[in-house]
(Lines give C-alpha, C1' and ligand atoms only; values in the text may rest on other atoms or scores of the structure.)
Protein backbone atom coordinates (compact mmCIF):
# COMPACT_ATOMS: atom_id res chain seq x y z
CA UNK A 1 0.00 0.00 0.00
CA UNK A 2 1.33 3.41 -0.91
CA UNK A 3 1.24 5.86 1.97
CA UNK A 4 -0.61 9.16 1.51
CA UNK A 5 2.63 11.12 1.51
CA UNK A 6 4.51 9.17 -1.13
CA UNK A 7 3.02 8.51 -4.53
CA UNK A 8 6.00 6.37 -5.41
CA UNK A 9 8.34 4.08 -3.56
CA UNK A 10 11.96 3.30 -4.28
CA UNK A 11 14.60 0.95 -3.00
CA UNK A 12 16.92 1.73 -0.12
CA UNK A 13 20.65 1.93 -0.70
CA UNK A 14 23.58 3.21 1.31
CA UNK A 15 26.13 5.77 0.29
CA UNK A 16 29.88 5.46 0.47
CA UNK A 17 31.67 6.57 3.63
CA UNK A 18 33.10 9.91 2.64
CA UNK A 19 36.07 11.29 4.52
CA UNK A 20 36.44 15.01 3.88
CA UNK A 21 40.10 15.88 4.40
CA UNK A 22 40.29 19.27 2.66
CA UNK A 23 38.24 22.40 3.22
CA UNK A 24 35.67 23.36 0.57
CA UNK A 25 36.56 20.37 -1.58
CA UNK A 26 33.44 18.43 -2.58
CA UNK A 27 33.40 14.66 -2.79
CA UNK A 28 30.73 12.34 -4.13
CA UNK A 29 28.54 10.88 -1.42
CA UNK A 30 26.20 8.85 -3.63
CA UNK A 31 26.74 7.87 -7.24
CA UNK A 32 23.26 7.91 -8.79
CA UNK A 33 22.62 5.46 -11.65
CA UNK A 34 21.68 7.15 -14.93
CA UNK A 35 18.00 7.96 -15.28
CA UNK A 36 17.17 7.34 -11.65
CA UNK A 37 16.40 9.85 -8.92
CA UNK A 38 16.77 9.56 -5.16
CA UNK A 39 15.98 11.15 -1.84
CA UNK A 40 18.33 11.26 1.14
CA UNK A 41 16.63 9.32 3.94
CA UNK A 42 19.35 9.13 6.60
CA UNK A 43 22.54 11.03 7.26
CA UNK A 44 25.26 10.18 9.76
CA UNK A 45 28.15 12.61 10.17
CA UNK A 46 31.10 13.05 12.51
CA UNK A 47 33.18 16.18 12.90
CA UNK A 48 36.79 15.29 13.75
CA UNK A 49 37.83 18.92 13.62
CA UNK A 50 38.80 20.90 16.71
CA UNK A 51 36.57 23.73 15.52
CA UNK A 52 33.07 24.24 14.26
CA UNK A 53 32.26 22.95 10.77
CA UNK A 54 29.57 23.83 8.27
CA UNK A 55 28.64 20.81 6.19
CA UNK A 56 27.03 21.28 2.77
CA UNK A 57 25.10 18.74 0.72
CA UNK A 58 24.21 19.21 -2.92
CA UNK A 59 25.15 18.20 -6.43
CA UNK A 60 28.21 18.82 -8.56
CA UNK A 61 31.90 18.86 -7.74
CA UNK A 62 33.08 22.06 -9.36
CA UNK A 63 31.50 23.71 -7.55
CA UNK A 64 28.98 22.02 -5.29
CA UNK A 65 25.48 23.44 -5.72
CA UNK A 66 23.84 23.27 -2.31
CA UNK A 67 20.40 21.67 -2.22
CA UNK A 68 19.84 21.41 1.53
CA UNK A 69 20.48 24.00 4.26
CA UNK A 70 23.96 23.90 5.73
CA UNK A 71 24.46 21.69 8.79
CA UNK A 72 26.33 23.15 11.74
CA UNK A 73 28.66 20.78 13.60
CA UNK A 74 30.47 21.64 16.82
CA UNK A 75 33.88 20.03 17.51
CA UNK A 76 33.72 16.25 17.97
CA UNK A 77 30.03 16.21 17.16
CA UNK A 78 28.30 13.10 15.91
CA UNK A 79 24.93 13.74 14.27
CA UNK A 80 22.32 11.42 12.82
CA UNK A 81 19.44 12.83 10.84
CA UNK A 82 16.66 10.46 9.86
CA UNK A 83 13.82 10.71 7.37
CA UNK A 84 11.73 12.67 9.86
CA UNK A 85 14.29 15.46 10.03
CA UNK A 86 15.51 15.48 6.44
CA UNK A 87 13.73 17.36 3.69
CA UNK A 88 12.84 14.92 0.92
CA UNK A 89 14.56 16.80 -1.87
CA UNK A 90 14.69 14.62 -4.97
CA UNK A 91 18.16 14.42 -6.47
CA UNK A 92 18.55 13.72 -10.17
CA UNK A 93 22.36 13.79 -10.07
CA UNK A 94 25.10 12.42 -7.84
CA UNK A 95 24.90 13.67 -4.25
CA UNK A 96 28.02 15.53 -3.25
CA UNK A 97 29.20 16.86 0.10
CA UNK A 98 31.77 19.34 1.38
CA UNK A 99 32.85 20.97 4.65
CA UNK A 100 34.24 24.45 5.21
CA UNK A 101 37.05 22.98 7.28
CA UNK A 102 38.64 19.54 7.20
CA UNK A 103 42.02 17.85 7.48
CA UNK A 104 43.52 14.40 7.37
CA UNK A 105 42.14 11.84 9.81
CA UNK A 106 41.50 11.96 12.68
CA UNK A 107 40.64 15.60 11.94
CA UNK A 108 38.49 14.68 8.96
CA UNK A 109 34.73 15.09 8.61
CA UNK A 110 33.04 11.78 7.92
CA UNK A 111 29.70 11.41 6.18
CA UNK A 112 27.57 8.43 5.30
CA UNK A 113 23.91 8.17 4.43
CA UNK A 114 21.04 6.12 3.16
CA UNK A 115 19.01 6.95 0.09
CA UNK A 116 15.70 5.89 -1.42
CA UNK A 117 16.29 5.37 -5.13
CA UNK A 118 13.51 5.57 -7.71
CA UNK A 119 13.26 3.65 -10.94
CA UNK A 120 14.30 5.30 -14.19
CA UNK A 121 14.35 4.49 -17.90
CA UNK A 122 17.97 3.32 -17.72
CA UNK A 123 20.17 1.71 -15.12
CA UNK B 1 -11.56 -7.28 -16.36
CA UNK B 2 -11.59 -3.94 -14.58
CA UNK B 3 -11.95 -5.16 -11.03
CA UNK B 4 -9.99 -3.65 -8.17
CA UNK B 5 -7.37 -6.38 -8.37
CA UNK B 6 -3.73 -6.71 -9.44
CA UNK B 7 -3.24 -7.09 -13.17
CA UNK B 8 -4.11 -10.41 -14.78
CA UNK B 9 -3.82 -11.71 -18.36
CA UNK B 10 -6.66 -10.89 -20.72
CA UNK B 11 -7.25 -14.59 -21.30
CA UNK B 12 -5.30 -17.83 -21.03
CA UNK B 13 -4.01 -20.00 -23.89
CA UNK B 14 -6.91 -21.63 -25.70
CA UNK B 15 -9.38 -18.93 -24.75
CA UNK B 16 -10.78 -16.34 -27.17
CA UNK B 17 -10.57 -12.56 -27.16
CA UNK B 18 -12.72 -10.06 -29.04
CA UNK B 19 -10.67 -6.99 -29.88
CA UNK B 20 -12.84 -3.88 -30.11
CA UNK B 21 -10.68 -1.62 -32.21
CA UNK B 22 -12.04 1.53 -33.83
CA UNK B 23 -15.54 0.04 -33.74
CA UNK B 24 -14.37 -3.19 -35.37
CA UNK B 25 -14.95 -6.47 -33.56
CA UNK B 26 -12.30 -9.11 -34.26
CA UNK B 27 -12.07 -12.55 -32.71
CA UNK B 28 -8.73 -14.24 -31.98
CA UNK B 29 -7.54 -17.15 -29.90
CA UNK B 30 -4.79 -16.82 -27.31
CA UNK B 31 -1.84 -19.15 -27.96
CA UNK B 32 0.66 -17.95 -25.37
CA UNK B 33 0.88 -15.58 -22.41
CA UNK B 34 3.81 -14.20 -20.48
CA UNK B 35 4.23 -11.39 -17.96
CA UNK B 36 6.13 -8.13 -18.42
CA UNK B 37 7.25 -7.19 -14.92
CA UNK B 38 8.06 -3.61 -13.91
CA UNK B 39 11.60 -2.86 -15.06
CA UNK B 40 13.63 -0.02 -16.49
CA UNK B 41 13.14 -0.79 -20.23
CA UNK B 42 9.44 -0.17 -19.64
CA UNK B 43 9.92 3.28 -18.20
CA UNK B 44 9.25 6.09 -20.68
CA UNK B 45 11.13 9.32 -20.08
CA UNK B 46 9.29 12.22 -21.68
CA UNK B 47 12.25 14.46 -20.85
CA UNK B 48 12.63 17.74 -19.00
CA UNK B 49 9.52 19.92 -18.71
CA UNK B 50 9.65 23.52 -17.57
CA UNK B 51 7.35 24.83 -14.85
CA UNK B 52 3.78 24.85 -16.03
CA UNK B 53 4.69 23.72 -19.53
CA UNK B 54 3.54 20.82 -21.68
CA UNK B 55 6.01 18.54 -23.43
CA UNK B 56 5.76 17.48 -27.06
CA UNK B 57 3.68 14.37 -27.76
CA UNK B 58 5.63 11.27 -26.77
CA UNK B 59 5.39 8.21 -28.99
CA UNK B 60 5.71 4.95 -27.04
CA UNK B 61 6.74 2.94 -30.10
CA UNK B 62 10.17 2.03 -28.70
CA UNK B 63 8.62 0.66 -25.52
CA UNK B 64 5.15 -0.69 -26.17
CA UNK B 65 5.03 -1.76 -29.83
CA UNK B 66 4.27 -5.46 -30.15
CA UNK B 67 4.70 -8.09 -32.83
CA UNK B 68 1.80 -7.86 -35.30
CA UNK B 69 -0.12 -10.73 -33.75
CA UNK B 70 0.74 -9.90 -30.13
CA UNK B 71 -1.56 -8.20 -27.67
CA UNK B 72 -0.19 -6.30 -24.69
CA UNK B 73 -2.14 -5.51 -21.57
CA UNK B 74 -0.50 -2.76 -19.54
CA UNK B 75 -1.00 -0.64 -16.48
CA UNK B 76 0.88 2.59 -15.89
CA UNK B 77 2.02 4.88 -13.13
CA UNK B 78 4.00 8.10 -13.11
CA UNK B 79 7.34 8.51 -11.37
CA UNK B 80 7.40 12.30 -11.52
CA UNK B 81 4.83 14.98 -10.75
CA UNK B 82 3.23 15.23 -14.17
CA UNK B 83 -0.24 14.74 -15.55
CA UNK B 84 -0.44 13.05 -18.88
CA UNK B 85 -3.17 12.63 -21.46
CA UNK B 86 -3.11 9.16 -23.02
CA UNK B 87 -4.10 8.90 -26.69
CA UNK B 88 -4.74 5.79 -28.75
CA UNK B 89 -4.58 6.31 -31.68
CA UNK B 90 -2.64 9.54 -31.57
CA UNK B 91 -5.51 11.87 -32.42
CA UNK B 92 -7.94 10.34 -29.94
CA UNK B 93 -7.60 10.79 -26.19
CA UNK B 94 -8.52 7.85 -24.02
CA UNK B 95 -10.31 7.60 -20.69
CA UNK B 96 -12.74 10.35 -21.56
CA UNK B 97 -16.30 11.50 -21.29
CA UNK B 98 -17.98 13.83 -23.76
CA UNK B 99 -16.01 16.85 -22.60
CA UNK B 100 -13.15 15.66 -20.40
CA UNK B 101 -10.26 13.23 -20.34
CA UNK B 102 -8.74 11.66 -17.25
CA UNK B 103 -4.97 11.84 -16.95
CA UNK B 104 -2.18 9.77 -15.56
CA UNK B 105 -0.98 11.63 -12.48
CA UNK B 106 0.65 11.35 -9.09
CA UNK B 107 -2.61 11.06 -7.20
CA UNK B 108 -3.89 8.00 -9.05
CA UNK B 109 -1.60 5.65 -7.11
CA UNK B 110 -2.93 6.96 -3.80
CA UNK B 111 -6.51 6.05 -4.67
CA UNK B 112 -5.71 3.03 -6.78
CA UNK B 113 -2.58 1.15 -5.59
CA UNK B 114 -3.01 -1.65 -8.14
CA UNK B 115 -3.33 0.84 -11.05
CA UNK B 116 -6.38 -0.97 -12.41
CA UNK B 117 -7.94 2.24 -13.73
CA UNK B 118 -4.88 2.90 -15.88
CA UNK B 119 -5.21 -0.33 -17.83
CA UNK B 120 -4.96 -0.27 -21.61
CA UNK B 121 -4.15 -2.66 -24.46
CA UNK B 122 -1.81 -2.54 -27.41
CA UNK B 123 -2.34 -4.85 -30.38
CA UNK B 124 0.56 -4.90 -32.80
CA UNK B 125 1.58 -1.32 -33.37
CA UNK B 126 -1.61 0.30 -32.08
CA UNK B 127 0.51 2.07 -29.50
CA UNK B 128 -0.41 4.86 -27.11
CA UNK B 129 0.85 8.44 -27.14
CA UNK B 130 1.51 10.57 -24.08
CA UNK B 131 1.19 14.31 -23.67
CA UNK B 132 2.60 15.38 -20.32
CA UNK B 133 2.23 18.65 -18.44
CA UNK B 134 4.26 19.82 -15.49
CA UNK B 135 1.69 21.35 -13.13
CA UNK B 136 4.26 22.53 -10.61
CA UNK B 137 6.07 25.82 -10.23
CA UNK B 138 9.49 24.28 -10.72
CA UNK B 139 11.15 22.65 -13.69
CA UNK B 140 11.23 18.87 -13.85
CA UNK B 141 14.50 17.33 -14.99
CA UNK B 142 12.65 14.29 -16.26
CA UNK B 143 9.10 13.05 -16.63
CA UNK B 144 8.83 9.29 -16.28
CA UNK B 145 5.94 6.91 -16.82
CA UNK B 146 6.34 3.23 -15.96
CA UNK B 147 4.45 0.31 -17.54
CA UNK B 148 4.00 -3.36 -16.70
CA UNK B 149 1.63 -6.09 -17.72
CA UNK B 150 1.28 -9.13 -19.95
CA UNK B 151 2.01 -10.12 -23.54
CA UNK B 152 -0.38 -12.44 -25.36
CA UNK B 153 0.34 -14.15 -28.66
CA UNK B 154 -2.90 -14.28 -30.66
CA UNK B 155 -3.74 -16.69 -33.42
CA UNK B 156 -6.24 -16.04 -36.18
CA UNK B 157 -6.73 -18.14 -39.24
CA UNK B 158 -3.72 -16.94 -41.26
CA UNK B 159 -1.59 -13.91 -42.07
CA UNK B 160 -2.55 -11.57 -44.89
CA UNK B 161 -0.52 -9.02 -46.80
CA UNK B 162 3.15 -8.75 -47.78
CA UNK B 163 5.54 -10.66 -45.49
CA UNK B 164 7.06 -7.53 -43.98
CA UNK B 165 3.68 -6.20 -42.92
CA UNK B 166 1.47 -9.27 -42.76
CA UNK B 167 -1.40 -8.95 -40.35
CA UNK B 168 -3.15 -11.84 -38.66
CA UNK B 169 -6.59 -12.54 -40.07
CA UNK B 170 -9.16 -12.80 -37.29
CA UNK B 171 -11.02 -16.05 -36.78
CA UNK B 172 -14.15 -13.97 -37.28
CA UNK B 173 -14.95 -10.30 -37.74
CA UNK B 174 -18.20 -8.80 -36.59
CA UNK B 175 -19.93 -5.56 -37.50
CA UNK B 176 -21.25 -4.96 -34.03
CA UNK B 177 -21.34 -6.41 -30.55
CA UNK B 178 -24.79 -7.94 -31.00
CA UNK B 179 -23.62 -10.13 -33.85
CA UNK B 180 -20.53 -11.15 -31.86
CA UNK B 181 -22.69 -12.19 -28.92
CA UNK B 182 -25.15 -13.94 -31.21
CA UNK B 183 -22.29 -15.89 -32.80
CA UNK B 184 -20.92 -16.81 -29.37
CA UNK B 185 -24.32 -18.14 -28.32
CA UNK B 186 -24.66 -20.16 -31.52
CA UNK B 187 -21.12 -21.56 -31.36
CA UNK B 188 -21.34 -23.92 -28.42
CA UNK B 189 -18.68 -23.42 -25.81
CA UNK B 190 -16.91 -20.54 -27.54
CA UNK B 191 -16.90 -17.58 -25.24
CA UNK B 192 -14.69 -14.54 -25.54
CA UNK B 193 -13.29 -11.74 -23.45
CA UNK B 194 -13.92 -8.32 -24.96
CA UNK B 195 -10.85 -6.08 -25.04
CA UNK B 196 -10.97 -2.30 -25.46
CA UNK B 197 -8.38 -1.04 -27.92
CA UNK B 198 -9.29 2.64 -28.08
CA UNK B 199 -10.25 4.36 -31.28
CA UNK B 200 -13.93 4.61 -30.44
CA UNK B 201 -14.64 8.22 -31.25
CA UNK B 202 -17.36 10.22 -29.62
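Condition check ((1) surrounded by 13 or more Cβ atoms within 10 Å (Cβ to Cβ); (2) within 14 Å of chain A (Cβ to nearest Cβ); (3) within 25 Å of residue B:150 (Cβ to Cβ)) across all residues:
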| position | (1), (2), (3) |
| --- | --- |
| B:25 | yes, no, yes |
| B:41 | no, yes, yes |
| B:51 | no, no, no |
| B:54 | yes, no, no |
| B:62 | no, yes, yes |
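When B:105, B:69, B:99 are screened for being at negative phi and more than 18 Å from the chain's Cα centre (by Cα), only B:99 passes. Regarding the stretch B:52-62, can at least one residue be identified that is in contact with a helix residue (DSSP H, G or I) (Cβ under 8 Å, 6 or more places away or on another chain) and touching a residue at least 40 places away in the same chain (Cβ under 8 Å)? Checked the stretch B:52-62: no residue is in contact with a helix residue (DSSP H, G or I) (Cβ under 8 Å, 6 or more places away or on another chain) and touching a residue at least 40 places away in the same chain (Cβ under 8 Å).
The residues of the stretch B:108-139 that are free of Cβ contacts under 8 Å to residues at least 24 places away in the same chain and exposed (fewer than 14 other Cβ atoms within 10 Å of the Cβ), listed by number, are B:111, B:113.
The numbered conditions (1) surrounded by 15 or more Cβ atoms within 10 Å (Cβ to Cβ); (2) without any contact (Cβ under 8 Å) to a residue 60 or more places away in the chain are all true for residue B:14 except (1).
Just for the stretch A:1-25: of the residues that are farther than 25 Å from residue B:144 by Cα and more than 11 Å from the chain's Cα centre (by Cα), which one is surrounded by the most Cβ atoms within 10 Å (Cβ to Cβ)?
Here is the first cut: in the stretch A:1-25, the residues farther than 25 Å from residue B:144 by Cα are A:16-25.
Narrowing further to those that are more than 11 Å from the chain's Cα centre (by Cα): A:19-25.
Working: A:19: 16, A:20: 27, A:21: 17, A:22: 14, A:23: 14, A:24: 14, A:25: 13.
The residue in question is A:20.
Being surrounded by 15 or more Cβ atoms within 10 Å (Cβ to Cβ), touching a strand residue (DSSP E or B) at 6+ places or on another chain (Cβ under 7 Å) and modelled with pLDDT under 95 is the requirement here; does residue B:142 meet it? Yes.
The set of residues from the stretch B:8-59 being in a loop (DSSP other than H, G, I, E, B), modelled with pLDDT under 95 and within 15 Å of the chain's Cα centre (by Cα) comprises just one member, B:22.
The values are calculated or read from the model by the stated rules, or taken from the named source; none is laboratory data. A quick note: this is a predicted structure, and the numbers were derived from the prediction, not measured. Glycine also receives a Cβ, built like all others from the backbone with ideal geometry; neighbour counts cover every protein chain displayed.
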